[in-house]
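The values are calculated or read from the model by the stated rules, or taken from the named source; none is laboratory data. Everything numeric here is computed off the predicted structure, so don't read it as measured data. We place every Cβ from the backbone using ideal geometry, glycine too, and count neighbours over all the protein chains shown.
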Amino acid sequence: MYKIVSIPGDGIGPEVVAGAVTVLRKISEKHGFEIRIEEHPFGGASYDLHGTMLTDQTLEACKNCDAVLLGAVGGPKWENLPHEHKPEAALLKLRKSLGLFANLRPAKVYDPLVDASSLKAEVVRGTDFLVFRELIGGIYFGEPRGYDENRGWNTMVYERHEVERIARLAFEAAQKRGGRVISIDKANVLEVSQFWRNVVHEVHREFPDIELSDMYVDNAAMQIVRNPLQFDVIVTGNLFGDILSDIAGMITGSLGMLPSASIGTSHALYEPIHGSAPDIAGKNIANPIATIASVAMMFEHSFCMPDIAEEISQAIVSALAAGLRTADIAGAGDRIVSTTEMTEAIVTSLGS
Ligand code: NAD
Ligand code: IPM
Ligand code: MN
């Protein structure tokens, strides 16, 4: 029996999580194992109900389950709250409390979607790289931080053990993939990045079979759109990883396609990389694939069932190959389907 906590959150969060939960239930029915899904409020939805973005109950539930499935948080309704009370701050608190130091963001172009990217098909076809974004350190958490009338400040700081553990995971992943890691930093300007680079190279000595190179983050942003095929594994800090993974999202056609796994030593959380998309919320038009593909990552990383992960990925490919497109990945002449129709097509492809 697997215990999963689902936290739909805000905006399109509940819509895409509903899709992912439908897939989870289908998988459990098909393979005959029990999955218990417990829903908890989080973010703006929790604030409106309980006056706080993250209740003790939600946090405790996340600490006492096998995996967390998260939609997204945030939106205009809550953006003028004091900084430390915003939904985004609660997300950082959740990640930190669960010790989720590694955020895996795979950027993979599905063949039927090569024409959905804003880049040329011949540039994006075959793209398949994996970003390791450090998730609970760097400028997102560094002290001091704050602002007053005349000044705003944050601190980008990395401790040795924080760089070592994410670098090690990235090298290990590369051993199972193409054997190449690119570490992305801004060592030409930032001391913290020079430190990052030094530590990554020290850890690299444990992995002589892996090819390591460094790239400055500004160049990396350009290289990802120029030639995404040159990347295998990327390892980078919190802020750079956030930005670069949204760029990677567009390579695959839409932010609505990119899943993620956030992993620590004792907990794991799965969420799409996109946000709450307030512009399309409540319309049943959001793309559920990023969240459904996050469930595939859950089976791979938390439940050690790569076959089921592959089954879910194949069901996504089948739905796409059959021509189904939500609005964000549709081209001229495509028939556009809703969130629920895309979910149903994927569930149908899963068979029985
Ligand atoms: P966003 O990712 O929510 O949306 C950016 C654009 O992509 C929008 O045009 C949106 O419609 C589109 N988009 C995103 N996901 C989509 C999907 N599944 N299907 C179709 N289109 C999709 O980013 P934003 O607009 O900058 O942020 C909105 C809110 O979400 C903010 O409050 C932000 O802080 C929050 N946010 C939360 C998370 C999270 O919870 N992990 C991540 C990013 C942003
Ligand atoms: C993401 C988001 C979050 C981040 C925000 C909402 C805190 O952009 O998950 O990519 O910056 O990590
Ligand atoms: Mn982001």
Give region 312-326 a look and list any residue that's out of contact with any Ser or Thr (no Cβ under 9 Å at 6 or more places or on another chain) and part of a helix (DSSP H, G or I), or say none. Ile312, Ser313, Leu320, Ala321
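Filter region 31-56 for residues that are more than 24 Å from Met257 (Cβ to Cβ) and either crowded, with 20+ Cβ neighbours inside 10 Å or touching a residue at least 40 places away in the same chain (Cβ under 8 Å) (or both) and give the result. Break it down stepwise before answering.
Residues of region 31-56 that are more than 24 Å from Met257 (Cβ to Cβ), as a first pass: 31-36, 38-41, 44-56.
Those that are more than 24 Å from Met257 (Cβ to Cβ) and either crowded, with 20+ Cβ neighbours inside 10 Å or touching a residue at least 40 places away in the same chain (Cβ under 8 Å) (or both): His31, His40, Pro41, Gly44, Ala45, Ser46, Tyr47, Met53, Leu54.
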Hey, among Glu79, Glu122, Glu149, Glu143, which residue is touching a residue at least 12 places away in the same chain (Cβ under 8 Å) and either over 30 Å from Ala45 (Cβ atoms) or not hydrophobic (A, V, I, L, M, F, W, C) (or both)? Glu143
Can you name the number of the only condition in (1) of a type in the set (A, V, I, L, M, F, W, C); (2) surrounded by 19 or more Cβ atoms within 10 Å (Cβ to Cβ); (3) within 16 Å of ligand 2 (Cβ to nearest atom) that Ala220 fails? (3)
Would you mind finding the one in Ser313, Ser294 that is within 16 Å of ligand 3 (Cβ to nearest atom), in the same structural domain as Pro8 (by TED's automatic domain parsing), hydroxyl-bearing (Ser, Thr, Tyr) and under 26 Å from Gly241 (Cβ atoms)? Ser294
Matching residues, region 105-143, being buried (at least 18 other Cβ atoms within 10 Å of the Cβ) and of a type in the set (Asp, Glu): Glu134
